[in-house]
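Visitor: One structure follows; several queries about it will come next.
Nothing in this text is a laboratory measurement; each read-out follows from the coordinates by a stated rule. Bear in mind the structure is a predicted one, so any value in this text is a computation, not a measurement. Backbone-built Cβ (ideal geometry, glycine too); neighbour counts: all protein chains shown.
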Amino acid sequence: MDKRESMWDLYLKKGMSRRTFVKSCVALTSLMGLSSDKVSKVVEAAEKKPLPVVIWIHGHECTGCDESFIRSGAPLASDLVLSQIALEYDHLLSAASGEPFEAHLHETIEKYKGQYILCVEGAVATKDNGVYCMSGGHTFTSTLQHAAQNAAAVIAYGSCAVSGGIQAAKPNPTGSSGISQFAGKTPVVNVPGCPPIPEVMTGVVMHVALFGTIPPLDGEGRPKQFYGNRIHDTCYRRPFFDAGMFAESYDDAGSKAGWCLYKLGCRGPETYNSCGNMRWFQGMSYPIQSGAPCIGCSNAHFWDDGAMSSRLPKFAPPIGDVDKIGAGLAAVTAVGVAAHAAASVVQKKKHIADEAKKNEGAGE
């Protein structure tokens, strides 16, 4: 990329209207989790700032994060790549390959030193000097360290890049781990998930691109706007949990009626992510809505924690033993219904007596 144009420059070049440009900026503002009063700042940045150079490198992974990224619906991944960022290197999305492609990576690092955004997908294989993950004749460890130390910011996409992912599951023969220890002093934004939600991926990179800073992070380095709530807090099955109504198997009446999947191993009460409110496939659905419990894929070590085979503890603070809570709540509910019925009878009798008095008064 010889001339760094702004997002607005590209819209003009493509003959797109100012209205379309502003609508895109409004959508980006919402996507990044910002309030509407920030729209003017997003428009200003999109008008003046040159498109950010992005380098995307792949470590020990399955390419699932890239596959998720290209399914983003707001903005469309095609719009993001062609009009909103300058993606200079990515194994999956680049047409080039071989030695010229690897040479371009190193040229880009040198040319835009301290200015580019580094997106990292996949874990670092640390055993035996990193020989279990190599590209272009170099270990991923060395490529990552070189690219990270010259980047403006690093985005760790997926649980593999954040904490090692499935590759780091016991016995972890390749010594796979997250990337943060190899990033040096460059700030890292963790975007866990297996894979992350597409719109979360695009929202994070656009925040860094437009504002030149990383978004507000929680204690684990995750963007607060996307990882600020547990899935349990936004789950439409939450009322059934509170009422002690749990599915006991995947084909029982409770499961078919949409009851809570806690007893079937759902990790929603301990998992921070946006699945419950943003959902997948442009808001169409997410695992719990499809009848499958959350496996906590954005949690570190989720594979070793028995996400596919065991349930969370019977005791769920502060409510107590979830195996007994249903019966207890049912009894409480029955008492409440009876009390409500009794109160209704008293109220009805009082209403009849009041009406009778009124009629007597009218007769006089």
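Visitor: Explain nothing, just compute: Karplus ³J(HN,Hα) = 6.51 cos²θ - 1.76 cosθ + 1.60, θ = phi - 60°, for every residue of segment 104-109 in order, whole Hz, x for Gly and Pro.
Guide: Working through the residues one at a time gives 5, 4, 5, 5, 5, 4 Hz.
Visitor: May I pose another question? In whole Hz, with x marking every Gly and Pro, tabulate ³J(HN,Hα) for segment 210-227 from phi via Karplus 6.51 cos²θ - 1.76 cosθ + 1.60, θ = phi - 60°.
Guide: Values, residue by residue: 7, 9, x, 9, 7, x, x, 10, 8, x, 9, x, 9, x, 4, 5, 10, 10 Hz.
Visitor: Sticking with this one: Contour minus end-to-end for Asp252 and Gln115, with contour as 0.36 nm per residue of separation and end-to-end as the Cα-Cα distance? Display every interim value, and only then the final one.
Guide: Values: separation 137, 0.36 × 137 = 49.32 nm, distance 5.55 nm.
Here the answer is 43.8 nm.
Visitor: Classify segment 229-312 as rounded, prolate or oblate, taking a ≥ b ≥ c as the square roots of the eigenvalues of its Cα gyration tensor: rounded when a/c is under 1.5, otherwise prolate if a/b is larger than b/c and oblate if not.
Guide: Oblate, because a/c is 1.5 or more while a/b does not exceed b/c.
Visitor: Sort the following peptides by mean Cβ neighbour count (other Cβ atoms within 10 Å, averaged over residues), highest first: 131-144, 280-293.
Guide: Output ranking for 131-144, 280-293: 131-144, 280-293.
Visitor: Separate question: Taking 7 Å along the Cα-to-C-beta vector as the label spot, tell me the Ala292-Lys224 distance in nanometres, rounded to one decimal.
Guide: Result for the modelled spin labels: 3.3 nm.
Visitor: Related question: Taking θ = phi - 60°, what integer Hz values does the Karplus form 6.51 cos²θ - 1.76 cosθ + 1.60 yield along segment 159-169, in sequence order, with x for Gly and Pro?
Guide: Values, residue by residue: 5, 5, 5, 6, 9, x, x, 5, 4, 8, 5 Hz.
Visitor: By count of other Cβ within 10 Å, fewest leading, how are Thr271, Thr63 ordered? Let's see the in-between values first.
Guide: Values: Thr271 24, Thr63 14.
Listing Thr271, Thr63 from fewest to most nearby Cβ atoms yields Thr63, Thr271.
Visitor: Moving on to the next point. Looking at the square roots a ≥ b ≥ c of the eigenvalues of the Cα gyration tensor of segment 153-211, which shape do they give, rounded for a/c under 1.5, prolate if a/b is larger than b/c, or oblate?
Guide: It is oblate, given that a/c is not under 1.5 and a/b is not larger than b/c.
Visitor: Quick check on packing: order 7-20, 150-163 by the mean number of other C-beta atoms within 10 Å, highest mean leading.
Guide: 150-163, 7-20
Visitor: Roughly how many nanometres apart are two label points built 7 Å out from the Cα toward the Cβ at Ala169 and Ser135?
Guide: Each label point lies 7 Å from its Cα, and together they span 2.3 nm.
Visitor: Then there's this: Rounded, prolate or oblate: which fits segment 47-94, taking a ≥ b ≥ c as square roots of the Cα gyration tensor eigenvalues, rounded meaning a/c under 1.5, else prolate when a/b beats b/c? Before the final figure, lay out each step's value.
Guide: Details: a/c = 2.86, a/b = 1.47, b/c = 1.95.
Verdict is oblate for segment 47-94.
Visitor: Rank these for me by crowding, Ile55, Ile117, going from fewest to most other beta carbons within 10 Å.
Guide: The order, fewest Cβ neighbours first, is Ile55, Ile117.
Visitor: If each residue's Cβ is checked for other Cβ atoms within 10 Å, how do Ser177, Ser78, Ser274 rank with the fewest at the top?
Guide: Ser78, Ser177, Ser274
Visitor: Quote to one decimal, in nm, the extra length available between Phe211 and Ser35 on full extension: 0.36 nm per residue of separation minus the C-alpha distance between them.
Guide: 61.9 nm
Visitor: How long are the semi-axes of the equivalent ellipsoid of segment 148-285, taking √(5λ) for every eigenvalue λ of the Cα gyration tensor, in whole Å from largest down?
Guide: For segment 148-285, the semi-axes come out at 33, 19, 12 Å.
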